[in-house]
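Below you'll find the structure, written out as structure tokens, and then a few comments.
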Amino acid sequence: MIKVEFPHGDDILEYISVAIKVMNEMEEEFYKTKQISLDLSSVKWFIPCPMILMSNKIRELLDHGAQSIMYKEPEKENVREHLQKIGFPLGTKEDGSSYVSIKHFRKNLEDKNQVNREVNELMTIIEKKIPFQFGESIKYILGELSDNIDEHSNFECASLMAQYFPKKEIVDIAVFDNGVSIPKLFEEHNIPFDGDRDAIKKAVWGEVTTKKNEEMRGFGLRTCKNLSTEGLKGELYIVSRRGILILKSGKEPIFYELDKNPLKGTFIYLRLRTPKKKVNIYDWVE
Amino acid sequence: MVNKILLTSQFGNNIFTRSSISNFFRKLNSVKDKKITLDFKDVEFISRSCADEYLKQKKISKKKVIEVNMSNNIYNMFRNVCVQYENMNLPIPFTISQERGLVLA
């Protein structure tokens, strides 16, 4: 059984690292036994980001023929209850007053409007749970992120969740797709880059595009970066294959390269602070 | 007879993905009507990417497409994309006004 042990506190990068390790262990176990077994009994506290990653992997392995999930729930009652509420491990349609539970959707190649519709539904729910000061900023960010997934990732299963923490006045949003990672996409289009983190940087800074004769592309992610870190004084984490980019308000970007466990797909995690005044996105759109 | 399409029936209240726009125009280009009115009533948001894709698709469409009921938000996003074209010294495909919609430049 794969033992899940999260760090103390809420260091997002540490949680993500644990989740990616567990995901790889789950995949190994699946190929050996066709089963998934997770032991969360000692989890005392968690933030949304690792749960959506692990939940997506479970969904994927079930779709690939996993015959059963053995799952030991957290011993701590409030942690166990919250985990159930947010829809771990398989996702749920039920949402809480301050969170949008884990939502998965499988790619439907016949439905060209699928991502647009799914994000519309998510946005309708999120809007009711967050303060008005966010204005259209979250729509802008989610819109550009989902468009990138729709255009480039060729995912099997995409996952979304969001949570508003009223006491801390922050919103966490997690988006994961298990499709083609940014570095892999660049390789497929013969775009040179120096390590996976450099590929993420090139994508987020809008330095390159995989579409020919398309000078008007590349603005979207760059504006997301500026809006989330400067406009909303937030943090933006992007993990794609082995690369990690962390952007925080007023700080230099941080880049990492995972040495052992790559992530299959791209994970984006936003931690946004409630603005004092309503945000005007056009102050940030280039 | 002018065919009028309520965009919320196609996209919902928000327009987020380029593929939904290109797919919509593919359908639009296959209808018989030469003149089509697109009603933006209750469309609250269009992403920058979608506004750009809309302009590109409208430019290559053989239909006469007329926009009505664009809110300030929608108008501002289209205007913003047109300014980006200008800043990049690219030909601006349309002039834009809230009353007249997007008119070929």
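The values are calculated or read from the model by the stated rules, or taken from the named source; none is laboratory data. For clarity, every value in this text was computed on a predicted model and none was experimentally measured. No Cβ is skipped: glycine too gets one built from the backbone with ideal geometry, and neighbour counts run over all protein chains shown. Note: areas computed on protein heavy atoms with side chains; ligands, DNA, RNA excluded. Shrake-Rupley method; radii C 1.70, N 1.55, O 1.52, S 1.80 Å.
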Scan segment B:77-100 and tell me whether some residue there is closer than 30 Å to residue A:153 by Cβ, more than 9 Å from chain A (Cβ to nearest Cβ), open to solvent by less than 20 Å² (accessible area, probe 1.4 Å) and modelled with pLDDT under 90. yes
Can you find even one residue in segment B:24-33 that is surrounded by fewer than 17 Cβ atoms within 10 Å (Cβ to Cβ) and within 8 Å of another protein chain (Cβ to nearest Cβ)? no
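Results for (1) within 23 Å of residue A:160 (Cβ to Cβ); (2) at pLDDT below 90, shown as yes or no for each residue.
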{"position": "A:19", "(1), (2)": "yes, no"}
{"position": "A:29", "(1), (2)": "no, no"}
{"position": "A:38", "(1), (2)": "yes, no"}
{"position": "A:44", "(1), (2)": "no, no"}
{"position": "A:47", "(1), (2)": "yes, yes"}
{"position": "A:59", "(1), (2)": "yes, no"}
What number of residues in segment A:37-62 are polar (S, T, N, Q) and under 21 Å from residue A:158 (Cα atoms)? 2
Just wondering, is there one or more residues in segment A:74-82 that are in contact with a Ser or Thr (Cβ under 8 Å, 6 or more places away or on another chain), surrounded by 15 or more Cβ atoms within 10 Å (Cβ to Cβ) and at pLDDT below 95? no
Identify, please: which residue in segment A:269-286 is in contact with a Phe, Trp or Tyr (Cβ under 7 Å, 6 or more places away or on another chain) and hydrophobic (A, V, I, L, M, F, W, C) and is, among those, farthest from the other protein chains (Cβ to nearest Cβ)? A:279
Residue satisfying condition, being away from chain A (no Cβ under 13 Å) and open to solvent by less than 60 Å² (accessible area, probe 1.4 Å), within set B:43, B:103: B:103
Which of the residues that make up segment A:108-153 are of a type in the set (A, V, I, L, M, F, W, C), within 19 Å of the chain's Cα centre (by Cα) and either on the phi > 0 side of the Ramachandran plot or more than 8 Å from chain B (Cβ to nearest Cβ) (or both)? A:122, A:125, A:126, A:130, A:138, A:141, A:145, A:149
Quick one: which of A:84, A:35, A:67 is closer than 25 Å to residue A:171 by Cβ and of a type outside the set (A, V, I, L, M)? A:84
On the given criteria, is residue A:97 of a type in the set (Ser, Thr, Tyr), in a loop (DSSP other than H, G, I, E, B) and either open to solvent by 80 Å² or more (accessible area, probe 1.4 Å) or touching a residue at least 24 places away in the same chain (Cβ under 8 Å) (or both)? yes
Considering only segment A:114-222, give the helices (runs of 4 or more DSSP H) lying wholly within it that have at least 3 residues that are surrounded by 24 or more Cβ atoms within 10 Å (Cβ to Cβ) and touching a helix residue (DSSP H, G or I) at 6+ places or on another chain (Cβ under 6 Å). A:114-127, A:137-148, A:196-204
Does at least one position in segment A:85-93 carry a residue that is within 14 Å of chain B (Cβ to nearest Cβ), touching a helix residue (DSSP H, G or I) at 6+ places or on another chain (Cβ under 9 Å) and either touching a residue at least 40 places away in the same chain (Cβ under 8 Å) or farther than 30 Å from residue A:35 by Cβ (or both)? no
Would you check if there is a residue in segment A:7-15 being out of contact with any strand residue (DSSP E or B) (no Cβ under 8 Å at 6 or more places or on another chain) and surrounded by 17 or more Cβ atoms within 10 Å (Cβ to Cβ)? yes
